[in-house]
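K.L.:
So that we are looking at the same thing, I have put the structure below in structure tokens.
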Amino acid sequence: MAIVELDKIVKQYGIGGPIAVDKVDVTIGDGEFMVLLGPSGCGKSTTLRMIAGLETISSGTLSIDGRLVNDVPAKDRDIAMVFQSYALYPHMSVAENLAFGLRRRKFSSAEIDSRVTAVADILGLSHLLARRPAALSGGQRQRVALGRAMVREPRVFLFDEPLSNLDAALRVNTRSEIIKQHNRLGSTMIYVTHDQVEAMTMGTRICVMNAGRVAQIGAPLEVYWKPANIFVARFLGSPPMNLVTATLSTDARRAQNAELDAPLERWSNAALSSYAGRKITVGVRAEDLSLHRPEQGADAGVMRGRVVAVEPLGAETLLLVTLQSGAEVTARLPRQVAAVIDADVELFFPKDAVYLFDAESGDALPTVEETNRIVGAALQRRAHG
Ligand SMILES: Nc1ncnc2c1ncn2[C@@H]1O[C@H](COP(=O)(O)OP(=O)(O)O)[C@@H](O)[C@H]1O
Ligand SMILES: [Mg+2]
């Protein structure tokens, strides 16, 4: 069992210094693979280092399995960490590198041998045990670093961008290696990355961070399809979600201007009424845009603009379109595209592909479905509490 609970964790580097982590609340369940995702400098490593005990916690509480560990030294937390720059001991063989942590912890030779053999076997390192790190490829070295954490059989694994230094092919391999190990070991894992593909493919849940704060926590497809705010909507998705500012006409339940007409069927009148006549940000994902007018009767939305670039990527083609307002939108289209630069085009999208955000706060307007879910959960809590 290892449940890791962060309660309003704050990290301020130095008195009066910058706040790197600002009241982060997140509970990582037993056996969960939680990804901390966000741009460089958003506080991911700092959060991870506080969990590991390598950095002091300015305020808030950190508990593991219900036990407060704020002041427990790193070595007594039963946590193993794998870093981006995996410093292996250059003068030791792979076997010695794997065994080192166990020796220091005074495990018996028999126990060390059996753990090293087992982990080397799992990671495909058995034939390399006698080699020095200098004689290994980058991927093999990374596997040794992973193995060094695994032999300890810790309650919690922490990873800080462990794949960033690997080339693309190896990154994909090692990524699936880590997922396999997670499935096999069932340990709690917390994994830091700025790479949305890693986050989407590896995480059971993703905690998206922005400027030291939690922007949203949820299952990968949940944060992708139901972003809580513009930051998450733009950070997940490549190309990022298209955003257009428009004025809301609540009577017609549409967001409209000269370049956009979006039906707003997913929101209640109540949710929309407070925005009547005000500016609102409309979002549509690139893959939801199409050059084809939908069938008669289907109430779709449309954006109008001029093609500024056509980018064929083989499997698909990106169409960059500038609207009158200067907003640039990208459509992800099938590979054959009948559009040329400078052409005026209409980009259609289905009514259920529309997102709405408060133009000032950037927060998503909850849809009817979302509101029902929140109310339902609250009622259930009340019934049980
Ligand atoms: N030892 C430190 N002293 C002062 N500021 C730091 C220190 N380490 C990190 N920071 C700052 O804290 C913020 C978060 O950093 P970090 O946790 O490394 O972000 P990330 O891992 O998401 O890139 C950044 O603004 C960074 O400059
Ligand atoms: Mg970092």
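The values are calculated or read from the model by the stated rules, or taken from the named source; none is laboratory data. Since we're looking at a predicted model, the values are computed, not measured. Ideal geometry is used to build each Cβ from the backbone, glycine not excepted, and the neighbour counts take in all protein chains shown. What goes into the accessible areas is simple: the full protein's heavy atoms, side chains included, and nothing from ligands, DNA or RNA. Shrake-Rupley method; radii C 1.70, N 1.55, O 1.52, S 1.80 Å.
K.L.:
Among the residues of the range 343-360, which ones are touching a residue at least 24 places away in the same chain (Cβ under 8 Å) and not hydrophobic (A, V, I, L, M, F, W, C)?
P.N.:
Residues satisfying the conditions are 344, 346, 350, 351, 352, 355, 358.
K.L.:
Filter the range 1-40 down to residues that are open to solvent by 30 Å² or more (accessible area, probe 1.4 Å), more than 10 Å from ligand 1 (Cβ to nearest atom) and among the small types (Gly, Ala, Ser), then give me how many there are.
P.N.:
Residues that pass the stated criteria total 1.
K.L.:
Another question, then. So which residues in the range 1-45 are among the charged types (D, E, K, R), within 15 Å of ligand 2 (Cβ to nearest atom) and under 17 Å from residue 157 (Cβ atoms), if there are any at all?
P.N.:
44
K.L.:
Go through 215, 246, 219 for me and flag whichever is among the aliphatic types (A, V, I, L, M) and touching a residue at least 60 places away in the same chain (Cβ under 8 Å).
P.N.:
One residue alone meets the criteria, 215.
K.L.:
Also: Please note which strands (runs of 3 or more DSSP E) are completely contained in the range 309-360 and include at least 1 residues that are touching a strand residue (DSSP E or B) at 6+ places or on another chain (Cβ under 8 Å), at pLDDT 95 or above and farther than 30 Å from residue 271 by Cα.
P.N.:
Working: elements: 316-323, 328-334, 344-349, 355-358.
Hits in the range 309-360: 316-323, 328-334, 344-349.
K.L.:
Sticking with this one: Could you grab me the full set of residues in the range 244-257 that are modelled with pLDDT of 90 or more and surrounded by fewer than 19 Cβ atoms within 10 Å (Cβ to Cβ)?
P.N.:
Selection gives 245 alone.
K.L.:
Another one. What number of residues within the range 153-179 are closer than 22 Å to residue 95 by Cβ and modelled with pLDDT under 90?
P.N.:
So the answer is 5.
K.L.:
Output the residues belonging to the range 69-90 that are polar (S, T, N, Q), surrounded by 13 or more Cβ atoms within 10 Å (Cβ to Cβ) and within 16 Å of ligand 1 (Cβ to nearest atom).
P.N.:
Within the range 69-90, 84 is the sole residue that qualifies.
K.L.:
When the range 151-161 is examined, which residues are found to be more than 16 Å from ligand 1 (Cβ to nearest atom) and touching a residue at least 60 places away in the same chain (Cβ under 8 Å)?
P.N.:
Selection gives 152, 154, 155, 156, 157.
K.L.:
Sticking with this structure for a sec: Of these, 53, 66, 43, which one is at positive phi and either loosely packed, with under 15 Cβ neighbours inside 10 Å or not assigned by TED's automatic domain parsing to the domain that holds residue 178 (or both)?
P.N.:
66 is the lone residue from the list that is at positive phi and either loosely packed, with under 15 Cβ neighbours inside 10 Å or not assigned by TED's automatic domain parsing to the domain that holds residue 178 (or both).
K.L.:
Another one. Restricting attention to the range 46-59, which residues are more than 12 Å from ligand 2 (Cβ to nearest atom) and either among the polar types (S, T, N, Q) or in contact with a Leu (Cβ under 7 Å, 6 or more places away or on another chain) (or both)?
P.N.:
Scanning the range 46-59 gives 50, 51, 52, 56, 58, 59.
K.L.:
So, one more: Restricting to the range 100-135, count the residues that are in a loop (DSSP other than H, G, I, E, B) and open to solvent by less than 10 Å² (accessible area, probe 1.4 Å).
P.N.:
2
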